[in-house]
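Below is one structure, written out as structure tokens; the observations come after it.
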Amino acid sequence: MIIQRVVLNSRPGKNGVPVAENFRLEQSTIADTVPAGHVLVKTLYLSVDPYMRCRMNEDTGSDYLQPWQLSEVADGGGIGVVEESKHHNLAKGDFVTSFTWPWQTAAILDGDSLQKLVPQLVNGRLSYFLGAAGITGLTALLGIREKGHVAAGASQTMVVSGAAGACGSLAGQIGRLEGCSRGLGIAGTDEKCSILVQEMGFDAAINYKKGDVAKQLRELCPGGVDVYFDNVGGDISDTVISQMNQNSHIILCGQISQYNKDVPYPPPLPPDIEKIQKERNITRERFLVLNYMDKQEASVLQLCQWIQEGKLKVRETVVEGLANIGAAFQSMMNGGNIGKQIVSVSK
């Protein structure tokens, strides 16, 4: 069978900025016969995510992420429909997902590696299983529950950096649902800030490209910061940490401002900020959602319930066509989209 696939064409280098040309669309083939225990799937949706920047390096800097190989097909979160099945638990027409879905129009996959999806849980919006009801939503929910120490009625203020992104836009909402009394987002445009407040339920938002962020943070969070959902690292995080309260908590989700730099993860804090962290007993522990997969099923059901009830607002940026996945990745890394970045491969 003839298919199209996307391979890693070149590496941007540890300090380089990814571009669409780092990926290449090519024609390939897969077997015409499906072996026992496997299924033939047609790809419907693929996810592009910030963590994938690390996979473009020969050394990902992480023991749980494998690097993409040059001229080999890339992979990540994906959703498809079963076209032919030789697996006892999967039938033609089933919708399935995987964390390691190949970036190609069709594939033969081991049925045991796939998770069956129930579209009704997300009101038929299958792509949500890659975002709000998938690993992105799980990261936000479990990060807050496991590392945020949020307690209903404790009058806690949460700040989210990268708040208009896939994870940040959910984290701010989930913080409120879990009990935070106030939520503030930090984003890079006035449009994003407006959406955070008017659509996502944030109490306030700061455009970090305008004005004095430290001053705005003091004005909008006069009682200090109790929980910080950190998606970006760098100068923004240093500013937030300097205004955090005694015994407060950092949810170390991502450090996207550092992904194009050859630094360890998590990046070390500047000495003056590290001193503040230690003196105020601020927790800053590495968080990896894959360590909490025993809570995946219950957590996904909670996310789906909030979506069905309209309590969790979802934003997606959908790009049509496998040929455009490199451009979608470049746009996502440049912060050009709001919410989850999805590539629609087949209708």
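The values are calculated or read from the model by the stated rules, or taken from the named source; none is laboratory data. Everything numeric in this text was worked out from a predicted model, so none of it was measured. Quick reminder, even Gly has a Cβ in these numbers, built from the backbone with ideal geometry, and neighbours come from all protein chains shown. We work out accessible area using only protein heavy atoms, side chains counted, and drop any ligands, DNA or RNA first. Shrake-Rupley method; radii C 1.70, N 1.55, O 1.52, S 1.80 Å.
Just wondering, is there one or more residues in region 218-235 that are out of contact with any helix residue (DSSP H, G or I) (no Cβ under 6 Å at 6 or more places or on another chain), assigned to a helix (DSSP H, G or I) and within 22 Å of V314 (Cβ to Cβ)?
no
Taking L220 as the residue in question, decide whether it is of a type in the set (A, V, I, L, M, F, W, C) and open to solvent by 20 Å² or more (accessible area, probe 1.4 Å).
yes
Filter region 130-151 for residues that are in contact with a Ser or Thr (Cβ under 9 Å, 6 or more places away or on another chain) and open to solvent by 20 Å² or more (accessible area, probe 1.4 Å) and give the result.
I135, R145, K147, H149
Just a yes or no: is a residue in region 102-125 assigned to a helix (DSSP H, G or I), in contact (Cβ under 8 Å) with a residue 40 or more places away in the chain and buried (at least 19 other Cβ atoms within 10 Å of the Cβ)?
Scanning region 102-125 turns up at least one residue that is assigned to a helix (DSSP H, G or I), in contact (Cβ under 8 Å) with a residue 40 or more places away in the chain and buried (at least 19 other Cβ atoms within 10 Å of the Cβ).
Among (1) open to solvent by less than 20 Å² (accessible area, probe 1.4 Å); (2) among the hydrophobic types (A, V, I, L, M, F, W, C); (3) at pLDDT 95 or above, which single condition is A91 missing?
Exception for A91: condition (1).
Can you tell me which of N334, N291 is under 15 Å from the mean Cα position of the chain (by Cα) and exposed (fewer than 13 other Cβ atoms within 10 Å of the Cβ)?
None of the others qualify; the one that does is N334.
Of all the residues that make up region 192-217, how many are among the basic types (K, R) and not in a loop (DSSP other than H, G, I, E, B)?
Matching residues across region 192-217 total 2.
Please note which helices (runs of 4 or more DSSP H) are completely contained in region 266-347 and include at least 3 residues that are free of Cβ contacts under 8 Å to residues at least 12 places away in the same chain.
271-279, 296-308
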